[in-house]
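The values are calculated or read from the model by the stated rules, or taken from the named source; none is laboratory data. These numbers come from a predicted model, not from an experiment. Methodologically, a virtual Cβ is constructed for each residue, glycine included, from the backbone with ideal geometry; neighbour enumeration extends over all protein chains shown.
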Amino acid sequence: MSLPDLKKLFKSKTKRMPSFKQWLQFLKVLNFKEKMLFFSLLAVFVFSLSFVFSGFLQKNTVIVPSEGGEAKEGVLGQPQFINPLYAYSSEVDREITELVFSSLFTYDSQGNIVPDLIEDYRITDSGKSIEFSIRENAKWHDNQPLTVDDVIFTLNLVQDPNYLSPLRANFQGVETEKMSDFKALIRLKQAYAGFFESLTNLKILPKHVWQNIPASQIMANTELNLLSPVGSGPYVVKNVEQSKDKTIKSISLEINKKYYGEKPHLKKFEFVFFNKKEDLVNALKKGAVDLGLLETAGEYDLSQFKSSNVYLVKTPNYFSLFYNNAKKPLDNEETRKALDMALNKEEVLDKAVAKNGEIVSSPILPSFYGFNEPENPAVYNQEEAKNILQGQGFEEKDGIMVKTIKKTSGFEFKQVLQAGSNNAEVGKLQECLAQDPEIYQGEISGYFGKQTKAAVILFQEKYKEDVLAPSGLEKGTGKVGAATIKKLNEVCFTVPDEELTLGFTIKTTGSPSLLKAAQDIKEQWEKIGVKVEIKELDTLEIKKTIRDRDFDILLFGEKLGGIPDPLPFWHSSQIIDPGLNISMYENEEADGLLTKARTYSDFQSEDRKKALEDFQNILIENCPATFLYSSYSAYVINKDIKGVELDKISDLSKRFVDIKNWYINQKRIWKKT
């Protein structure tokens with residue numbers, strides 16, 4: 001069709017828009033260059049329109065998380081009690097309980113203690129009373145309302161010794177008074193800075209579910225403890241998969257649609273359980289699970305998770321060499337200081353956890369809690385350590401530090417004795433002479449007669465170089481004078497000197513990181529002449545060792561909480577089991593400061609901080625233990641899960657306190673004007 005014909009066609013239909021077929025005819029009248037120009041201009045137009053529209057969307061909308069998506073976490077171990085009464089004793093149980101149950105207080109993403117079920121509270125009576133009200137919209141998973149009755153019921157069960165709750169010690173002497181269905185008063189016998197953390201760790205149980213189950217049956221109730229627990233947390237247990245031998249393979253959780261707080265974005269969260277570390281690591285490498293926690297990061301090659309996000313998580317833990325302060329020579333402060341000074345802690349950290357941790361110099365972890373560092377920490381210096389040991393009487397023999405301890409029988413000849421003497425010392429003289437039958441075989445009478453004199457002469461002539469020669473004598477006199485007394489004291493009633501080798505056995509667990517640390521400590525100490533043996537103990541053996549305080553040196557770890565309270569580990573009242581003062585450290589001033597630090601209702605009080613720092617300085621000066629390092633944990637995330645922020649948390653189970661911000665799906669919404 002020619003151009004004139006096309007014009008006629010358009011003119012004949014000016015009252016309506018050209019059809020699509022007619023527009024296609026338009027392209028036929030264009031030559032190649034015109035077509036290229038047309039399509040270029042069209043592309044510019046489309047691109048410009050898209051750019052303008054995209055800019056408009058960017059300016060007027062925002063991307064936000066949306067509900068949906070699933071996450072599968074691999075966990076080492078087996079669950080037993082998804083029950084607040086007993087979960088505290090198990091890391092696995094605590095993790096699941098954290099998502100299924102609620103507490104009066106919780107932690108925020110910065111580690112601060114904030115209200116959870118509590119809506120409002122006030123502290124009175126110098127910290128000994130807490131008046132609080134709880135949310136009226138909180139419900140249990142079975143849709144029953146959560147009230148103060150449930151809070152009081154839970155506290156009563158925890159305090160009742162028949163229920164054997166590991167939380168009982170934290171709530172002894174605590175009284176609760178109901179003021180209304182949603183308001184109550186808690187009374188303490190003494191203000192306690194760590195009580196708010198105790199309330200954070202106490203998840204609330206539903207009274208209407210548990211009230212008719214006797215204490216003797218509560219631990220055996222698998223249905224409520226594991227298969228179908230009724231909580232009030234952000235997730236509900238929906239399915240528990242078991243193997244034929246009743247081993248739990250997985251537990252699936254789904255969002256609690258009745259949850260009173262901000263609901264999580266992840267619709268489903270599943271725990272998959274492994275019995276071996278190797279199986280968990282392989283599952284993470286293969287992507288069989290989306291998340292997994294490796295408690296001691298330094299025990300793993302983290303580079304093997306190249307396609308994953310790996311978060312290094314800090315918790316308030318530390319590993320130390322606990323010296324048995326009741327055993328010689330570790331009862332000597334200077335000896336302990338020398339051992340402390342002889343260790344290069346940076347080297348121990350590197351060998352133990354490949355630097356996935358940090359050096360620790362104090363049991364109150366200044367870098368974690370924000371305290372000031374100790375005033376006089378030990379400085380690594382092996383030469384000075386040797387000098388200290390030599391000052392304690394040790395000498396290096398064949399590469400080993402040895403101390404000679406001179407011993408005596410308790411008796412010493414002092415009197416001049418001669419014929420006619422009659423006393424107890426003559427009896428001792430006769431005992432001494434009788435040790436050699438060729439010198440004396442007479443009675444032990446205490447009387448110095450002819451037979452005794454003859455024996456003394458024989459003794460003097462036997463040792464004439466020491467007794468007679470100095471006086472120019474050839475024959476014995478039979479009189480016990482100064483030279484004879486000296487020789488008698490050297491020969492008679494002597495006790496051999498004892499040589500004390502400076503050597504210890506370090507007892508520790510089978511943890512790979514601790515065994516590596518122990519080996520490096522052994523090698524470092526042997527450089528200054530300290531003989532070291534390493535003994536690996538299993539779980540039952542280490543518990544018995546701690547209970548009996550049966551060790552020279554124990555390489556072990558301790559964990560603090562969100563609010564540091566070192567009293568259980570260092571107060572003299574905790575020396576005897578079940579106390580945790582395993583070094584058997586005693587210091588009255590330190591005891592006073594530890595007790596004082598507990599009495600502040602405000603755990604952030606500057607006076608409390610000062611008391612703990614003063615305690616720290618006393619402890620470091622006494623050196624009952626050598627503080628080595630804290631270790632990081634590794635949280636491996638394979639899936640594209642956003643919103644995860646992990647750095648410092650009080651307990652590994654608390655990594656879920658901010659789970660409401662985790663998400664996979666997202667959407668774009670219009671900005672609010």
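Can you spot a residue in the range 299-310 that is crowded, with 17+ Cβ neighbours inside 10 Å and at pLDDT 95 or above?
Looking for residues that are crowded, with 17+ Cβ neighbours inside 10 Å and at pLDDT 95 or above, one finds none in the range 299-310, hence no.
Which members of the range 356-378 meet the condition of being among the polar types (S, T, N, Q) and part of a loop (DSSP other than H, G, I, E, B)?
Those that are among the polar types (S, T, N, Q) and part of a loop (DSSP other than H, G, I, E, B): Asn356, Ser361, Ser362, Asn372, Asn376.
Tell me whether the range 255-268 contains one or more residues that are among the aliphatic types (A, V, I, L, M), assigned to a strand (DSSP E or B) and modelled with pLDDT of 95 or more.
yes
So which residues in the range 397-426 are within 16 Å of Thr484 (Cα to Cα) and outside any loop (DSSP other than H, G, I, E, B)?
Leu417, Glu425, Val426
Do any residues in the range 87-115 that are over 19 Å from Leu266 (Cβ atoms) and in contact (Cβ under 8 Å) with a residue 24 or more places away in the chain have Cβ atoms under 6 Å from those of residues that are aromatic (Phe, Trp, Tyr) and in a strand (DSSP E or B), where the two are at least six apart or on different chains, and which pairs are they?
Sorted first by the residue in the range 87-115, then by its partner, the pairs are Ile113/Phe105.
So, of the residues in the range 445-474 that are surrounded by 14 or more Cβ atoms within 10 Å (Cβ to Cβ) and assigned to a loop (DSSP other than H, G, I, E, B), which turns out to be nearest to the chain's Cα centre (by Cα)?
Only one residue tops the list, namely Tyr463.
When residues of the range 399-444 are filtered for being of a type in the set (Val, Ile, Thr) and either within 60 Å of the chain's Cα centre (by Cα) or not assigned by TED's automatic domain parsing to the domain that holds Ala483 (or both), how many remain?
5
If a residue has to be farther than 14 Å from Pro578 by Cα and basic (Lys, Arg) to count, how many in the range 530-546 make the cut?
2
Can you find a residue in the range 390-398 that is closer than 27 Å to Lys516 by Cβ and in the same structural domain as Asn617 (by TED's automatic domain parsing)?
No, the range 390-398 contains no residue that is closer than 27 Å to Lys516 by Cβ and in the same structural domain as Asn617 (by TED's automatic domain parsing).
Return the only residue of Val416, Val379, Val360 being free of Cβ contacts under 8 Å to residues at least 60 places away in the same chain and in contact with a helix residue (DSSP H, G or I) (Cβ under 9 Å, 6 or more places away or on another chain).
None of the other options fit; the residue is Val379.
Output the residues belonging to the range 120-129 that are in contact (Cβ under 8 Å) with a residue 60 or more places away in the chain and in a strand (DSSP E or B).
Of everything in the range 120-129, just one residue is in contact (Cβ under 8 Å) with a residue 60 or more places away in the chain and in a strand (DSSP E or B), namely Ile123.
For the range 506-555, which positions are β-branched (Val, Ile, Thr) and either assigned to a strand (DSSP E or B) or farther than 20 Å from Val353 by Cα (or both)?
Ile506, Thr508, Ile528, Val530, Val532, Ile534, Thr539, Ile542, Thr545, Ile546, Ile553
Could you check the range 140-238 for helices (runs of 4 or more DSSP H) lying wholly inside it with 1 or more residues that are among the polar types (S, T, N, Q) and either assigned by TED's automatic domain parsing to the domain that holds Glu254 or touching an Asp or Glu at 6+ places or on another chain (Cβ under 8 Å) (or both)?
In the range 140-238, 148-159, 195-201, 215-218 are the helices (runs of 4 or more DSSP H) which contain 1 or more residues that are among the polar types (S, T, N, Q) and either assigned by TED's automatic domain parsing to the domain that holds Glu254 or touching an Asp or Glu at 6+ places or on another chain (Cβ under 8 Å) (or both).
Taking the stated definitions as given, is Leu515 in contact (Cβ under 8 Å) with a residue 12 or more places away in the chain and within 60 Å of the chain's Cα centre (by Cα)?
yes
Is it the case that some residue within the range 68-83 is of a type in the set (Asp, Glu), assigned to a helix (DSSP H, G or I), at pLDDT 90 or above and buried (at least 16 other Cβ atoms within 10 Å of the Cβ)?
Looking for residues that are of a type in the set (Asp, Glu), assigned to a helix (DSSP H, G or I), at pLDDT 90 or above and buried (at least 16 other Cβ atoms within 10 Å of the Cβ), one finds none in the range 68-83, hence no.
Any idea which residue in the range 553-609 is nearest to Lys522 (Cα to Cα), counting only those that are among the basic types (Lys, Arg) and surrounded by fewer than 18 Cβ atoms within 10 Å (Cβ to Cβ)?
Going through the qualifying residues, I end up with Lys559.
Only one of these is more than 26 Å from Lys314 (Cβ to Cβ), of a type in the set (S, T, N, Q) and surrounded by 23 or more Cβ atoms within 10 Å (Cβ to Cβ): Thr97, Thr154, Thr147. Name it.
That would be Thr154, the only listed residue that is more than 26 Å from Lys314 (Cβ to Cβ), of a type in the set (S, T, N, Q) and surrounded by 23 or more Cβ atoms within 10 Å (Cβ to Cβ).
Condition check ((1) among the aliphatic types (A, V, I, L, M); (2) in a helix (DSSP H, G or I); (3) surrounded by 14 or more Cβ atoms within 10 Å (Cβ to Cβ); (4) at pLDDT 90 or above) across all residues:
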{"site": "Tyr380", "(1), (2), (3), (4)": "no, no, yes, yes"}
{"site": "Glu383", "(1), (2), (3), (4)": "no, yes, no, yes"}
{"site": "Ile439", "(1), (2), (3), (4)": "yes, no, yes, yes"}
{"site": "Gly442", "(1), (2), (3), (4)": "no, no, yes, yes"}
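Given the structure, is Thr124 polar (S, T, N, Q), within 23 Å of Lys263 (Cβ to Cβ) and either assigned by TED's automatic domain parsing to the domain that holds Glu262 or surrounded by fewer than 17 Cβ atoms within 10 Å (Cβ to Cβ) (or both)?
Spelling it out, it is not the case that Thr124 is polar (S, T, N, Q), within 23 Å of Lys263 (Cβ to Cβ) and either assigned by TED's automatic domain parsing to the domain that holds Glu262 or surrounded by fewer than 17 Cβ atoms within 10 Å (Cβ to Cβ) (or both).
Filtering the range 622-647 down to residues that are part of a loop (DSSP other than H, G, I, E, B) and at pLDDT 95 or above, which residue is nearest to Phe271 (Cα to Cα)?
Across the range 622-647, the extreme among qualifying residues is Tyr632.
Of the residues that sit in the range 183-232 and are closer than 30 Å to Gly127 by Cα and of a type in the set (S, T, N, Q), which one is modelled with the lowest pLDDT?
Looking at residues that are closer than 30 Å to Gly127 by Cα and of a type in the set (S, T, N, Q), I get Gln190.
Inside the range 269-286, can you point out the residues that are closer than 26 Å to Gly643 by Cα and outside any strand (DSSP E or B)?
Correct list: Leu280, Val281, Asn282, Ala283, Leu284, Lys285, Lys286.
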